[in-house]
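Please read the structure below before turning to the comments.
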Amino acid sequence: YEKRLGDAGYLKFKLGRTNNRGDGLLTAVHKDYFRVINYRELHFNDCGDRVAQLLHVELVTPASQCRNNDPCQEILIVNTHLLFPHDSSLCIVRLHQVYKILQYVESYQKEYNLNPLPIMLCGDWNGSKRGHVYKFLRSQGFVSSYDTAHQYTDADAHKWVSHLNHRGNICGVDFIWLLNPNSYRKLLKTSWTEAVFGMFKNQLRKASLTEDDAFAFLKADNDGDYITYSGFCEALRQFNIIGHRYGLSVEETNDLWVQADIDGNGVVDYKEFQLRIWKPTWSEPRDGDIKEGQERGHKVTEKYGRKKQATGFSVKNAVLFPPEVEKGRWPENYFLSDHARLTVVFSPITMPCSQLA
(Lines give C-alpha, C1' and ligand atoms only; values in the text may rest on other atoms or scores of the structure.)
Protein backbone atom coordinates (compact mmCIF):
# COMPACT_ATOMS: atom_id res chain seq x y z
CA TYR A 1 0.00 0.00 0.00
CA GLU A 2 2.92 2.37 0.62
CA LYS A 3 4.05 2.26 -3.01
CA ARG A 4 0.51 2.71 -4.27
CA LEU A 5 -0.03 5.71 -2.01
CA GLY A 6 3.29 7.20 -3.08
CA ASP A 7 2.53 6.67 -6.76
CA ALA A 8 -0.83 8.38 -6.23
CA GLY A 9 0.88 11.50 -4.86
CA TYR A 10 0.46 11.00 -1.12
CA LEU A 11 2.98 11.87 1.57
CA LYS A 12 2.93 9.15 4.23
CA PHE A 13 3.47 9.46 7.97
CA LYS A 14 3.57 6.25 9.99
CA LEU A 15 3.82 5.83 13.74
CA GLY A 16 3.86 2.46 15.48
CA ARG A 17 2.62 1.87 18.99
CA THR A 18 5.28 1.75 21.66
CA ASN A 19 6.71 -1.56 22.94
CA ASN A 20 6.55 -3.13 19.47
CA ARG A 21 2.82 -3.80 19.55
CA GLY A 22 2.84 -4.40 15.79
CA ASP A 23 0.25 -1.84 14.75
CA GLY A 24 -0.10 1.91 14.83
CA LEU A 25 -1.16 4.94 12.82
CA LEU A 26 -0.93 6.06 9.21
CA THR A 27 -1.72 9.57 8.00
CA ALA A 28 -1.46 10.29 4.27
CA VAL A 29 -1.81 13.76 2.75
CA HIS A 30 -1.88 14.53 -0.96
CA LYS A 31 1.00 16.80 -1.95
CA ASP A 32 -1.07 18.50 -4.64
CA TYR A 33 -3.52 19.75 -2.03
CA PHE A 34 -1.50 20.13 1.18
CA ARG A 35 1.89 21.45 2.16
CA VAL A 36 3.17 19.88 5.37
CA ILE A 37 4.59 22.62 7.60
CA ASN A 38 5.45 20.38 10.53
CA TYR A 39 4.98 16.86 11.85
CA ARG A 40 5.09 15.77 15.48
CA GLU A 41 4.64 12.48 17.32
CA LEU A 42 3.08 12.02 20.74
CA HIS A 43 3.71 8.89 22.83
CA PHE A 44 1.27 8.50 25.71
CA ASN A 45 3.57 5.97 27.44
CA ASP A 46 0.66 4.37 29.25
CA CYS A 47 -0.73 0.88 29.70
CA GLY A 48 -2.14 0.80 26.18
CA ASP A 49 1.06 1.91 24.40
CA ARG A 50 -1.07 4.31 22.39
CA VAL A 51 0.25 7.16 20.28
CA ALA A 52 -0.91 10.18 18.29
CA GLN A 53 0.30 12.16 15.28
CA LEU A 54 0.11 15.92 14.81
CA LEU A 55 0.37 17.45 11.34
CA HIS A 56 0.46 21.18 10.74
CA VAL A 57 -0.55 21.62 7.11
CA GLU A 58 -1.44 24.39 4.71
CA LEU A 59 -3.84 24.11 1.81
CA VAL A 60 -2.07 24.54 -1.51
CA THR A 61 -3.71 27.64 -3.00
CA PRO A 62 -2.63 30.36 -5.42
CA ALA A 63 -0.23 32.80 -3.74
CA SER A 64 -2.60 35.69 -4.43
CA GLN A 65 -5.07 34.24 -1.93
CA CYS A 66 -2.57 34.48 0.94
CA ARG A 67 -1.37 38.03 0.41
CA ASN A 68 -1.84 41.03 2.62
CA ASN A 69 -4.26 40.35 5.48
CA ASP A 70 -6.01 37.37 3.94
CA PRO A 71 -5.63 34.39 6.28
CA CYS A 72 -3.80 31.40 4.84
CA GLN A 73 -5.63 28.12 5.11
CA GLU A 74 -3.62 26.26 7.72
CA ILE A 75 -4.93 23.30 9.72
CA LEU A 76 -3.78 21.24 12.67
CA ILE A 77 -4.64 17.57 12.11
CA VAL A 78 -4.37 14.90 14.80
CA ASN A 79 -4.65 11.17 14.18
CA THR A 80 -4.98 8.75 17.10
CA HIS A 81 -6.41 5.45 18.35
CA LEU A 82 -7.51 5.49 21.97
CA LEU A 83 -7.34 2.62 24.42
CA PHE A 84 -10.30 0.20 24.46
CA PRO A 85 -12.32 0.46 27.71
CA HIS A 86 -11.85 -3.14 28.88
CA ASP A 87 -13.04 -2.17 32.38
CA SER A 88 -13.99 0.93 34.36
CA SER A 89 -10.45 1.44 35.70
CA LEU A 90 -9.37 2.42 32.18
CA CYS A 91 -11.84 5.33 31.93
CA ILE A 92 -9.35 7.70 33.53
CA VAL A 93 -6.59 6.46 31.18
CA ARG A 94 -8.72 7.23 28.14
CA LEU A 95 -9.58 10.71 29.42
CA HIS A 96 -5.89 11.25 30.11
CA GLN A 97 -5.04 10.37 26.52
CA VAL A 98 -7.42 13.00 25.18
CA TYR A 99 -6.19 15.53 27.73
CA LYS A 100 -2.59 14.91 26.62
CA ILE A 101 -3.58 15.42 22.98
CA LEU A 102 -5.30 18.73 23.71
CA GLN A 103 -2.43 19.88 25.93
CA TYR A 104 0.03 19.00 23.18
CA VAL A 105 -1.95 20.90 20.55
CA GLU A 106 -2.21 23.89 22.86
CA SER A 107 1.52 23.88 23.62
CA TYR A 108 2.34 23.53 19.91
CA GLN A 109 0.25 26.59 19.11
CA LYS A 110 2.01 28.57 21.84
CA GLU A 111 5.47 27.34 20.81
CA TYR A 112 5.02 28.67 17.28
CA ASN A 113 2.88 31.65 18.30
CA LEU A 114 0.14 30.56 15.91
CA ASN A 115 -3.01 32.48 15.22
CA PRO A 116 -6.22 30.52 15.90
CA LEU A 117 -6.42 27.62 13.44
CA PRO A 118 -9.05 24.99 12.70
CA ILE A 119 -8.22 21.71 14.43
CA MET A 120 -9.28 18.27 13.22
CA LEU A 121 -9.03 15.22 15.45
CA CYS A 122 -9.36 11.95 13.55
CA GLY A 123 -9.37 8.31 14.53
CA ASP A 124 -10.85 5.42 16.43
CA TRP A 125 -11.86 6.85 19.79
CA ASN A 126 -13.09 3.50 21.16
CA GLY A 127 -16.03 5.26 22.76
CA SER A 128 -19.52 6.31 21.74
CA LYS A 129 -21.46 9.56 21.97
CA ARG A 130 -22.61 8.56 25.45
CA GLY A 131 -19.08 8.39 26.85
CA HIS A 132 -16.91 10.77 28.83
CA VAL A 133 -14.42 11.28 25.99
CA TYR A 134 -17.22 12.53 23.73
CA LYS A 135 -18.50 14.92 26.41
CA PHE A 136 -14.98 16.14 27.14
CA LEU A 137 -14.35 17.05 23.50
CA ARG A 138 -17.76 18.68 23.17
CA SER A 139 -17.02 20.82 26.21
CA GLN A 140 -13.93 22.08 24.36
CA GLY A 141 -16.06 23.18 21.41
CA PHE A 142 -15.33 20.29 19.05
CA VAL A 143 -18.16 19.01 16.85
CA SER A 144 -18.53 15.59 15.27
CA SER A 145 -18.38 16.29 11.54
CA TYR A 146 -20.58 13.31 10.65
CA ASP A 147 -23.28 14.37 13.11
CA THR A 148 -23.03 17.96 11.91
CA ALA A 149 -23.55 16.90 8.29
CA HIS A 150 -26.63 14.89 9.23
CA GLN A 151 -27.93 17.41 11.78
CA TYR A 152 -27.82 14.87 14.60
CA THR A 153 -27.78 16.08 18.19
CA ASP A 154 -25.68 14.83 21.09
CA ALA A 155 -28.67 12.75 22.18
CA ASP A 156 -28.80 10.88 18.84
CA ALA A 157 -26.47 8.13 20.04
CA HIS A 158 -27.91 5.24 18.03
CA LYS A 159 -28.42 6.73 14.57
CA TRP A 160 -25.20 5.23 13.18
CA VAL A 161 -22.45 2.73 13.96
CA SER A 162 -18.90 2.38 12.67
CA HIS A 163 -17.38 -0.63 14.40
CA LEU A 164 -18.02 -4.31 15.11
CA ASN A 165 -15.77 -4.84 18.12
CA HIS A 166 -14.08 -7.99 19.40
CA ARG A 167 -16.97 -8.59 21.79
CA GLY A 168 -19.44 -8.74 18.92
CA ASN A 169 -21.02 -5.38 19.75
CA ILE A 170 -21.72 -2.68 17.18
CA CYS A 171 -21.00 0.92 18.15
CA GLY A 172 -20.16 4.34 16.76
CA VAL A 173 -16.54 5.05 17.68
CA ASP A 174 -14.92 6.62 14.60
CA PHE A 175 -14.98 10.41 14.53
CA ILE A 176 -13.50 13.30 12.64
CA TRP A 177 -13.81 16.14 15.11
CA LEU A 178 -13.68 19.77 14.02
CA LEU A 179 -12.90 22.85 16.09
CA ASN A 180 -13.20 26.13 14.22
CA PRO A 181 -11.41 29.34 15.28
CA ASN A 182 -14.75 31.01 16.08
CA SER A 183 -15.87 28.26 18.47
CA TYR A 184 -16.61 29.06 22.09
CA ARG A 185 -14.06 27.27 24.30
CA LYS A 186 -13.62 26.72 27.99
CA LEU A 187 -10.18 26.66 29.54
CA LEU A 188 -8.74 23.21 28.98
CA LYS A 189 -8.10 22.55 32.68
CA THR A 190 -11.72 23.47 33.45
CA SER A 191 -13.03 20.97 30.90
CA TRP A 192 -10.63 18.33 32.20
CA THR A 193 -11.78 18.80 35.81
CA GLU A 194 -15.43 18.62 34.78
CA ALA A 195 -14.79 15.45 32.79
CA VAL A 196 -13.12 13.71 35.74
CA PHE A 197 -15.90 14.73 38.12
CA GLY A 198 -18.46 13.51 35.58
CA MET A 199 -16.73 10.14 35.35
CA PHE A 200 -16.54 9.94 39.15
CA LYS A 201 -20.25 10.64 39.52
CA ASN A 202 -21.05 8.00 36.91
CA GLN A 203 -19.07 5.41 38.88
CA LEU A 204 -20.83 6.39 42.10
CA ARG A 205 -24.17 5.87 40.38
CA LYS A 206 -23.04 2.54 38.94
CA ALA A 207 -22.34 1.48 42.52
CA SER A 208 -26.07 2.17 43.18
CA LEU A 209 -25.33 5.06 45.51
CA THR A 210 -27.98 7.72 45.95
CA GLU A 211 -27.02 11.35 46.41
CA ASP A 212 -27.07 11.05 50.21
CA ASP A 213 -25.26 7.70 50.10
CA ALA A 214 -22.55 9.15 47.87
CA PHE A 215 -21.99 12.07 50.24
CA ALA A 216 -21.78 9.68 53.20
CA PHE A 217 -19.33 7.50 51.26
CA LEU A 218 -17.08 10.48 50.59
CA LYS A 219 -17.31 11.57 54.23
CA ALA A 220 -15.97 8.15 55.25
CA ASP A 221 -15.47 8.02 59.04
CA ASN A 222 -15.63 11.77 59.49
CA ASP A 223 -18.20 12.79 62.13
CA GLY A 224 -18.77 16.25 60.69
CA ASP A 225 -21.19 17.10 57.88
CA TYR A 226 -18.42 17.61 55.35
CA ILE A 227 -15.85 15.79 53.21
CA THR A 228 -12.17 15.97 54.09
CA TYR A 229 -9.28 15.78 51.66
CA SER A 230 -8.30 12.34 52.97
CA GLY A 231 -11.85 11.03 52.56
CA PHE A 232 -11.99 12.48 49.06
CA CYS A 233 -8.72 10.76 48.11
CA GLU A 234 -9.81 7.44 49.59
CA ALA A 235 -13.01 7.53 47.51
CA LEU A 236 -11.01 8.25 44.35
CA ARG A 237 -8.68 5.37 45.23
CA GLN A 238 -11.55 2.91 45.69
CA PHE A 239 -12.83 3.77 42.21
CA ASN A 240 -9.38 3.39 40.62
CA ILE A 241 -9.07 7.06 39.74
CA ILE A 242 -5.89 7.36 41.80
CA GLY A 243 -3.56 4.87 43.45
CA HIS A 244 -2.16 3.18 40.37
CA ARG A 245 0.52 3.99 37.83
CA TYR A 246 -1.83 5.46 35.25
CA GLY A 247 -4.25 7.20 37.61
CA LEU A 248 -4.35 10.88 38.49
CA SER A 249 -1.13 12.41 39.75
CA VAL A 250 -0.91 14.10 43.15
CA GLU A 251 -1.00 17.48 41.41
CA GLU A 252 -4.10 16.56 39.39
CA THR A 253 -5.81 15.24 42.52
CA ASN A 254 -5.05 18.51 44.31
CA ASP A 255 -6.48 20.44 41.35
CA LEU A 256 -9.71 18.45 41.65
CA TRP A 257 -9.89 19.18 45.36
CA VAL A 258 -9.38 22.90 44.81
CA GLN A 259 -12.28 22.90 42.34
CA ALA A 260 -14.50 20.95 44.74
CA ASP A 261 -13.69 23.18 47.73
CA ILE A 262 -15.38 26.25 46.28
CA ASP A 263 -15.01 28.53 49.30
CA GLY A 264 -11.47 27.35 50.02
CA ASN A 265 -12.07 26.51 53.70
CA GLY A 266 -10.35 23.12 53.49
CA VAL A 267 -13.46 20.92 53.46
CA VAL A 268 -16.30 20.19 51.01
CA ASP A 269 -19.80 20.63 52.41
CA TYR A 270 -23.02 19.20 51.01
CA LYS A 271 -23.75 22.18 48.79
CA GLU A 272 -20.27 22.08 47.26
CA PHE A 273 -20.65 18.32 46.75
CA GLN A 274 -23.85 18.98 44.83
CA LEU A 275 -22.43 21.81 42.72
CA ARG A 276 -19.21 20.07 41.74
CA ILE A 277 -19.95 16.34 41.76
CA TRP A 278 -23.59 15.35 41.94
CA LYS A 279 -25.49 18.14 40.18
CA PRO A 280 -22.91 20.10 38.22
CA THR A 281 -24.14 23.07 36.21
CA TRP A 282 -21.59 22.79 33.39
CA SER A 283 -22.65 21.63 29.94
CA GLU A 284 -21.43 21.40 26.37
CA PRO A 285 -21.20 24.67 24.43
CA ARG A 286 -24.63 25.88 23.37
CA ASP A 287 -25.61 28.05 20.43
CA GLY A 288 -25.99 30.96 22.85
CA ASP A 289 -22.48 30.40 24.17
CA ILE A 290 -21.06 30.44 20.66
CA LYS A 291 -22.94 33.66 19.90
CA GLU A 292 -21.64 35.18 23.13
CA GLY A 293 -18.08 34.23 22.19
CA GLN A 294 -18.48 35.83 18.79
CA GLU A 295 -19.86 38.99 20.40
CA ARG A 296 -16.79 39.15 22.64
CA GLY A 297 -14.70 38.96 19.48
CA HIS A 298 -16.63 41.88 17.99
CA LYS A 299 -16.02 43.93 21.16
CA VAL A 300 -12.30 43.28 20.83
CA THR A 301 -12.59 44.47 17.23
CA GLU A 302 -14.29 47.68 18.33
CA LYS A 303 -11.62 48.29 20.97
CA TYR A 304 -8.63 47.79 18.71
CA GLY A 305 -10.24 48.93 15.47
CA ARG A 306 -9.45 45.83 13.40
CA LYS A 307 -11.42 42.66 12.95
CA LYS A 308 -9.29 39.55 13.31
CA GLN A 309 -10.17 36.99 10.66
CA ALA A 310 -9.31 33.32 10.43
CA THR A 311 -9.98 30.46 8.08
CA GLY A 312 -12.32 27.75 9.28
CA PHE A 313 -14.29 24.95 7.68
CA SER A 314 -17.91 24.10 7.08
CA VAL A 315 -18.96 20.47 6.81
CA LYS A 316 -20.36 19.93 3.31
CA ASN A 317 -21.00 16.19 3.48
CA ALA A 318 -20.13 13.09 5.47
CA VAL A 319 -20.77 9.44 4.64
CA LEU A 320 -20.08 6.06 6.19
CA PHE A 321 -19.44 2.93 4.14
CA PRO A 322 -20.97 0.38 3.96
CA PRO A 323 -24.26 2.32 3.86
CA GLU A 324 -26.06 -0.02 6.28
CA VAL A 325 -24.06 1.39 9.19
CA GLU A 326 -25.66 4.80 8.63
CA LYS A 327 -28.90 3.13 9.75
CA GLY A 328 -27.33 1.57 12.82
CA ARG A 329 -26.86 -1.91 11.32
CA TRP A 330 -23.73 -3.95 10.56
CA PRO A 331 -24.01 -5.93 7.27
CA GLU A 332 -23.26 -9.63 7.59
CA ASN A 333 -21.45 -9.73 4.23
CA TYR A 334 -18.93 -6.95 5.00
CA PHE A 335 -15.47 -8.40 5.68
CA LEU A 336 -13.09 -5.67 4.48
CA SER A 337 -12.63 -4.40 8.03
CA ASP A 338 -14.27 -4.35 11.43
CA HIS A 339 -14.55 -0.58 10.98
CA ALA A 340 -16.70 1.39 8.57
CA ARG A 341 -15.02 4.00 6.38
CA LEU A 342 -15.80 7.59 7.32
CA THR A 343 -15.40 10.23 4.60
CA VAL A 344 -16.01 13.92 5.25
CA VAL A 345 -15.94 16.82 2.78
CA PHE A 346 -15.01 20.22 4.23
CA SER A 347 -15.17 23.64 2.61
CA PRO A 348 -12.91 26.51 3.77
CA ILE A 349 -14.65 29.66 4.97
CA THR A 350 -13.49 32.94 6.50
CA MET A 351 -14.75 33.73 9.99
CA PRO A 352 -14.01 36.02 12.96
CA CYS A 353 -11.95 34.57 15.81
CA SER A 354 -13.57 33.87 19.15
CA GLN A 355 -12.06 33.91 22.63
CA LEU A 356 -11.56 31.40 25.41
CA ALA A 357 -14.30 31.31 28.01
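The values are calculated or read from the model by the stated rules, or taken from the named source; none is laboratory data. Computed from a prediction, not measured in an experiment: that's the story for all the values here. Here Cβ is always computed from backbone atoms with ideal geometry, including for glycine, and neighbour counts include all displayed protein chains.
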**OP:** Could you give me the residue pairs with C-beta distances under 6 Å whose first residue belongs to the stretch 12-35 and is closer than 14 Å to residue 52 by Cβ, whose second residue is in a strand (DSSP E or B) and of a type in the set (D, E, K, R) wherever it lies, and which are 6+ apart or on separate chains?
**Re:** 15/41; 26/14
Original post:
Within the stretch 13-43, restricting attention to residues that are basic (Lys, Arg) and over 25 Å from residue 111 (Cα atoms), which residue is surrounded by the most Cβ atoms within 10 Å (Cβ to Cβ)?
Top reply: 17
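Could you pull out the residue among 50, 4, 17, 35 that is touching a helix residue (DSSP H, G or I) at 6+ places or on another chain (Cβ under 7 Å) and not acidic (Asp, Glu)? Explain how you work it out, then say what you get.
Working: 4 fails: touching a helix residue (DSSP H, G or I) at 6+ places or on another chain (Cβ under 7 Å); 17 fails: touching a helix residue (DSSP H, G or I) at 6+ places or on another chain (Cβ under 7 Å); 35 fails: touching a helix residue (DSSP H, G or I) at 6+ places or on another chain (Cβ under 7 Å).
Checking each option against the conditions leaves just 50.
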**OP:** Those residues that are in a strand (DSSP E or B) and of a type in the set (D, E, K, R), I need them from the stretch 25-64; list them, please.
**Re:** 35, 40, 41, 58
Subject >> Unmet requirement for residue 162, which otherwise passes all of (1) among the hydroxyl-bearing types (Ser, Thr, Tyr); (2) without any contact (Cβ under 8 Å) to a residue 12 or more places away in the chain; (3) in contact with a His (Cβ under 9 Å, 6 or more places away or on another chain) >> reply: (2)
Original post:
Assuming residue 263 fulfils every condition listed in (1) modelled with pLDDT under 95; (2) in a loop (DSSP other than H, G, I, E, B); (3) more than 15 Å from residue 201 (Cα to Cα) apart from one, which condition is it?
Top reply: (1)
**OP:** Using the structure shown, decide if residue 178 is surrounded by 21 or more Cβ atoms within 10 Å (Cβ to Cβ) and in contact (Cβ under 8 Å) with a residue 12 or more places away in the chain.
**Re:** yes
**OP:** Could you please give the count of residues in the stretch 105-124 that are in contact (Cβ under 8 Å) with a residue 40 or more places away in the chain, assigned to a helix (DSSP H, G or I) and over 12 Å from the mean Cα position of the chain (by Cα)?
**Re:** 2
Original post:
Mind checking whether some residue in the stretch 297-319 is part of a helix (DSSP H, G or I) and at pLDDT 95 or above?
Top reply: no
Original post:
Of the conditions (1) of a type in the set (Ser, Thr, Tyr); (2) at pLDDT 95 or above; (3) surrounded by fewer than 23 Cβ atoms within 10 Å (Cβ to Cβ), residue 128 fails just one. Which one is it?
Top reply: (2)
**OP:** Hey, can you tell me all the residues within the stretch 186-237 that are surrounded by fewer than 15 Cβ atoms within 10 Å (Cβ to Cβ), of a type in the set (Ser, Thr, Tyr) and closer than 18 Å to residue 270 by Cα?
**Re:** 210, 230
